[in-house]
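Here the structure comes first, spelled out in structure tokens, and everything after it is commentary.
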Amino acid sequence: MFLRRPWSRRVRVALACLLLGHAIPACALSVDASGLDEEQVSATRTLVDDVLPRLPRVWRDGLPPDLVLHWTDLPHDVQGRRVGRQILLDRALLAEWQAVDPSAVAGTRALAVRKALVHELAHAYDRAHGNVLSGDARLRDLAGWQRSVFRVAGRRSRNDFSTRSPDRYELARPSEFVAVNLEHYVLDADYACRRPALHRHFAAHFHEPIAAECAPGLPFLEADAARGDASLLALDPARVYQVDYLLAEGNTQAMSRWGHSMLRLVVCAPGRPPGPDCRLDLAHHRVLSFRAFVGDVQISGWRGLTGSYPSRLFLLPLDQVIEEYTKVELRGLQSVPLQLQREDIASLLERAAQLHWSYDGRYYFISNNCAVETWKLLHDGVPRLAGAPLASITPTGLLRNLEQAGIADRSPLVDADEARRLGYYFEPMSARYDALFEVARVALALPQRDAQAWLALPPGTRATWLAHADLKASAALLVLENAALRRQQLLLRDELKRRYLGRDVPEEAANAVQALRAWLGDTSFVSRPAELAPEGYGLPQSGERERIAADAQARVVRLRQDDAALRASLECWLPRDQRDALRGIQANVDAIGARLRALAAAGAS
């Protein structure tokens, strides 16, 4: 008796495809016809023929053999599952697909069915190749499962890239992230622009070309506190000549003792070709700064330790950062160039933009502070730095590691005078304040030894000297009084938050406090720009950018209108001594300004 060797399942499927007139790639997935009528079988084959050719060839050819599509009833929140060699799709999706008008197959209903099938085929491919994508360390970096600063093999944080997400299910675990993103890689023409780094990673894996027409520049919402403004900036990486590690030196405050880590972007002025002269274009330089955003109460050491504050990435004008640290906090700024190539800078800025729109982390004083966040940005944003031993929990430690790895170049700071002249070091204004005070001290025979002792006096005591100052001394004292005014305003802001944004609000202050809460809520978009773009995902594109810019400006106008009335209504709830101090400093500024103008006019005549 002759025994015929049975054909393999794959060969039988291929033959059936040829007999039915289908292309072989579209029959890599067979259909379980049990429980289906003829129309349902035909619709299912149409779906398979529609989806499989959309997949990259490497993906199609890499699917496991004998995959079978089966329709079944799944829980209401589940559209698909893979069990062994079976891909199970919810039967309700079949009805959706059958209802699709063949002339409008790009509609939302058709897209939902396609996405469900692509999602399960992504799982099938990934698992068939030993989690080749979901287990890829580089893809996990890009996806948001960031490495821990502590040197524990394989340890990663949770995924905090939770805003501007196409589907929050992607945050559940790396395998679901891969499946969700491959849906968009295959079916969304904008994916290359919205998530460019991930698109390049998938394209490289599947050996596919990259061709995308994207909105120009990388979008950032720029907060400018000095002007009380917020605007959308399209940053062109080609105009960024260099990136510096920007270190704010420490002070005696517990939360600032080890300094603050930032990255300075040396942006060239329009029309200037990238080169060393761009370092002189200070007005165009920007700073990337991770901050523990405190929108409700005064910063607390305990809350910083326990992760109660959001950690978010801000883009700030360099001059604002210089004023904040050198004039208000009296801390020096070291700007240390990093040895990065053009492609490194482009990749770093692209990662920064992704963080800016999608990252909503938690600030921990030890394990996820500014130094750790900056290290993770460099680690994930510049692939060649991923293997370098840079991790540190302190800003000074990160700088030291960057220097030891040959990435940070401190040589421009060796000559202190040259460093100040060329903008590699911005000295704290304490020395300048002392020099200005010395001018006034000599002219007026002031008994105080330095500027700090002078500013510690009550404003009324200082006022008695102002009327006797000459032109030079008046100019010096005006600078000092303005510095005192800025510091007093910041102190009072924190006092208001601490006193009136807690649980025990005086009944008589309730209306003012409610207005303050609303005002603070309206400023939250500055730290969380995704609030301005609730639709869409990833980097905003052209139409979204127009809406974001318009919404940001509308909010700024509203905040400006409310600011003066809010200050007036809240000022009466400040302690009397602090209220009197503020008014006294303001009176001093007005008085010395008027005297300065009068002396200048007299001198001119």
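The values are calculated or read from the model by the stated rules, or taken from the named source; none is laboratory data. Only a predicted model underlies this, so the values are computations on that prediction, with no experimental measurement involved. With ideal geometry, Cβ positions are generated from the backbone for all residues, glycine too; neighbour counts draw on all protein chains shown. Just so you know, the surface numbers come from the protein's heavy atoms only, side chains and all, with ligands and any DNA or RNA stripped out. Shrake-Rupley method; radii C 1.70, N 1.55, O 1.52, S 1.80 Å.
Quick notes on this structure:
- The single condition among (1) over 20 Å from the mean Cα position of the chain (by Cα); (2) modelled with pLDDT of 95 or more; (3) open to solvent by 10 Å² or more (accessible area, probe 1.4 Å) that SER347 does not meet is (1).
- In region 407-430, the residues that are without any contact (Cβ under 8 Å) to a residue 60 or more places away in the chain form Cβ pairs under 9 Å with partners that are surrounded by fewer than 18 Cβ atoms within 10 Å (Cβ to Cβ) and of a type in the set (A, V, I, L, M, F, W, C), at six or more places apart or across chains, as follows: ALA419/LEU413.
- Residue that is least open to solvent (accessible area, probe 1.4 Å) [pool: residues in region 370-420 that are out of contact with any Phe, Trp or Tyr (no Cβ under 9 Å at 6 or more places or on another chain) and among the small types (Gly, Ala, Ser)]: GLY381
- Qualifying residue in region 420-441 (condition: of a type in the set (Asp, Glu) and over 23 Å from VAL321 (Cβ atoms)): yes
- Flag for TYR169 being in contact with a Leu (Cβ under 7 Å, 6 or more places away or on another chain) and of a type outside the set (A, V, I, L, M): no
- Subset tally (residues that are open to solvent by less than 10 Å² (accessible area, probe 1.4 Å) and over 23 Å from ALA552 (Cβ atoms)) for region 188-225: 5
- Filter pass, LEU313 being crowded, with 22+ Cβ neighbours inside 10 Å, among the hydrophobic types (A, V, I, L, M, F, W, C), in contact with a Phe, Trp or Tyr (Cβ under 6 Å, 6 or more places away or on another chain) and within 27 Å of LEU198 (Cα to Cα): yes
- Selection from region 55-83 of residues that are under 23 Å from LEU94 (Cα atoms) and within 38 Å of the chain's Cα centre (by Cα): LEU55, ARG60, LEU63, LEU74, PRO75, HIS76, ASP77, VAL78, GLN79, GLY80, ARG81, ARG82
- Residues (under 21 Å from HIS260 (Cβ atoms) and not aromatic (Phe, Trp, Tyr)) located in region 222-246: GLU222, ALA223, ASP224, ALA225, ALA226, GLN242, VAL243, ASP244, LEU246
- Cβ-Cβ distances below 7 Å connect the following pairs, each with a first residue in region 531-542 that is of a type in the set (Ser, Thr, Tyr), a second residue that is part of a helix (DSSP H, G or I), and a separation of six or more residues or different chains: TYR537/ARG194.
- Comparison of ALA128, ALA122 shows that the only residue that is open to solvent by 30 Å² or more (accessible area, probe 1.4 Å), at pLDDT 90 or above and either among the small types (Gly, Ala, Ser) or within 34 Å of the chain's Cα centre (by Cα) (or both) is ALA128.
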